[in-house]
Amino acid sequence: MKATIIGAGIAGLTAALALRHHGVVSSLVEQAPAFGDVGAGIQISSNGMFVLKALGLAPQIEAMGVRARGVELLDANTARKVAYVDLDRYSGGFSHYMLHRADLIAALAVACHENGISCQFGLNVTPQSDIMEDSEALTHSPEPSHVLIGADGFNSVVRDKVAHSSLPEYTGYVAWRAIVPAVVPHFDGARIYMGANKHVVTYPLRQGRLINMVFVEKRASWAKSSWSSVGEKATLCCVFEEFGGDIPTLLTEIDRVHEWGLFRRPVPDLWYKKNTVLVGDAAHSTLPFMAQGANLAIEDAFVLARALGSASSPANAFAQYQALRQARVKKILTEAEKNVWKYHLSQPALRYGLHLGMSLLGQFLPAQLVRRLDWIYHYDVTQVPSDH
Ligand SMILES: Cc1cc2nc3c(=O)[nH]c(=O)nc-3n(C[C@H](O)[C@H](O)[C@H](O)COP(=O)(O)OP(=O)(O)OC[C@H]3O[C@@H](n4cnc5c(N)ncnc54)[C@H](O)[C@@H]3O)c2cc1C
């Protein structure tokens, strides 16, 4: 069995390593000319860490990342703490890390290189590319031994080979991202500033020297879904001018900001066809409000690789993979969609009521704020039997 993986992002690189771990040879194809310095942070929660640990990457992540001690939920305007999600005390010893994406990609890429996995850069795969046509030809053999893995993200071209094409649907939210120097110290955890129809998430990176900022605003329309379009700092400052706490200071530090619309696509009923299969955002993109897209991609990669390493045929492996992933992925996608209304409540009475509720929960049942999400974070896919 051999695999060609389209896309050397988090899903593709993890899939290549996991395949190697399970005795399957693979190579990667990436449209970018090299691994770039993606200017953004990423949170890898314990469910993602279980996989990275199984692949031998935990020491690198622990060294590069900041371990999250908790999550502060703040009222955006007054910066008053509404509730504190105490991961240190209640996460059962499981660790969440906050990393620069470029560092995570670099750790995965170095591990691929050390394992002799090749990556062909600068090849933008299209439906007409040789790679797709060769793969199509292979499907005519009765027992194809070469599989094509679509790890090409939200705008996947491989998905069109597997599922009916669907147009991305604008969600009604626009996001900005920026990384700034930590001119004010940030605690070792994430802060969520909850405003009316908008919110901001901040967290430290690289031993606290940098702060990652993600801004989300409800907006009626948006044209493009590219996440590399440059935004206007002046517009951003204007939209978030009423936010308190450290936000005004951090806004002045922004040098470059990216702005993009958040889109969704329906998850296809089948994630595979013939010798082709999808992983990560190519199969199921999620809104970023649970910080789970990359973690799900990492889990997918492990499950798919384990299935390919042990099943009698790609078809059986793909079926086993989807059966194990589908329900969990859908549940997390729904949870992420639900989260945004909590962060964005604009009606003052409702907002007051919700903040009061969160605050009381935080005071009297603080463990509940963490444990209600144990089903996401305590899930160790490396220990779940393939046929579960
Ligand atoms: C603001 C924001 C914050 C987020 N924060 C978190 C977080 O904290 N934690 C978390 O778990 N998730 C987070 N996510 C989600 C996470 O970023 C994605 O789910 C994750 O990057 C998906 O990885 P992927 O490898 O499937 O896709 P991608 O990261 O999109 O990678 C796809 C790769 O394929 C390549 N490619 C694409 N098309 C082609 C082609 N035609 N030919 C060749 N190569 C191609 C691309 O260049 C890229 O390298 C966040 C998302 C956003 C928008």
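With θ set to phi - 60° and the Karplus curve 6.51 cos²θ - 1.76 cosθ + 1.60, what are the ³J(HN,Hα) couplings of the stretch 289-303 in order, to the nearest whole Hz, using x for Gly and Pro?
So the Karplus estimates, Gly and Pro as x, are 7, 10, 6, 10, x, 6, 5, 5, 4, 5, 4, 3, 4, 5, 5 Hz.
Leaving out ligands and nucleic acids, note down the accessible area per residue over the chain with a 1.4 angstrom probe, in whole Å².
Result: 43 Å² of accessible area for each residue.
Work out how much length Ala367 to Asp387 would gain on full extension: take 0.36 nm times their residue separation and subtract the Cα-Cα distance, in nm to one decimal.
3.9 nm
Rank Ala76, Ala11, Ala63 by mean-square fluctuation in a GNM of the chain with C-alpha springs under 10 angstrom and give only the top-ranked residue.
Result for the chain, Cα springs under 10 Å: Ala63 fluctuates most.
So if R0 is 25 Å, what FRET efficiency would Glu133 and Val25 give, r being the distance between their Cβ atoms, rounded to the nearest 0.05?
The computed FRET efficiency comes out at 0.70.
Taking the chain as a Gaussian network, Cα atoms linked when under 10 Å apart, which of Gly357, Gly153, Gly261 shows the biggest mean-square fluctuation?
Residue with maximal mean-square fluctuation among Gly357, Gly153, Gly261: Gly357.
When the label point is put 7 Å from the Cα of Asn124 along its Cα-to-beta-carbon vector, which residues of the stretch 1-18 have a backbone N closer than 16 Å?
Taking a point 7 Å out along Cα→Cβ of Asn124, the residues of the stretch 1-18 whose backbone N falls under 16 Å are 7-8.
Given a 1.4 Å probe and every protein chain left where it sits, what share in percent of the accessible area of the chain is carbon and sulfur?
54 percent
Residue separation times 0.36 nm, minus the C-alpha to C-alpha distance between Glu253 and Thr171: what's the value?
Extending this stretch completely gives an extra 26.6 nm.
Using θ = phi - 60° and the Karplus curve 6.51 cos²θ - 1.76 cosθ + 1.60, what whole-Hz ³J(HN,Hα) does each residue of the stretch 336-353 get, with Gly and Pro shown as x?
5, 5, 6, 4, 5, 5, 5, 6, 10, 3, 10, 6, x, 5, 4, 4, 4, x
Using the per-residue mean of other Cβ atoms lying within 10 Å as a proxy for protection, in what order, highest first, do the peptides 308-315, 209-216, 41-48 fall?
Order by mean packing, descending: 41-48, 209-216, 308-315.
With each pseudo-label sitting 7 Å past Cα toward Cβ, what's the His113-Asn197 distance in nm, one decimal?
4.8 nm
Per 0.36 nm of contour for each residue apart, how much would the distance between Cys238 and Lys273 grow if the chain were fully extended, relative to their Cα-Cα spacing?
7.8 nm
Can you tell me the relative contact order of the stretch 60-127? Whole percent, Cα pairs under 8 Å, sequence separation 6 or more.
It comes to 32 percent, rounded to a whole number.
Could you work out which residue, out of Val200, Val29, Val230, moves most in a Gaussian network model of the chain, that is, has the largest mean-square fluctuation with Cα springs under 10 Å?
Val230
For the pair Trp375/Ala79, report the inter-label distance in nm, with labels modelled 7 Å from Cα in the Cβ direction.
Taking the simple label geometry, Trp375 and Ala79 are separated by 3.7 nm.
The values are calculated or read from the model by the stated rules, or taken from the named source; none is laboratory data. Since we're looking at a predicted model, the values are computed, not measured. We place every Cβ from the backbone using ideal geometry, glycine too, and count neighbours over all the protein chains shown. Keep in mind that these areas ignore ligands, DNA and RNA; they rest on the heavy atoms of the full protein, side chains included. Shrake-Rupley method; radii C 1.70, N 1.55, O 1.52, S 1.80 Å.
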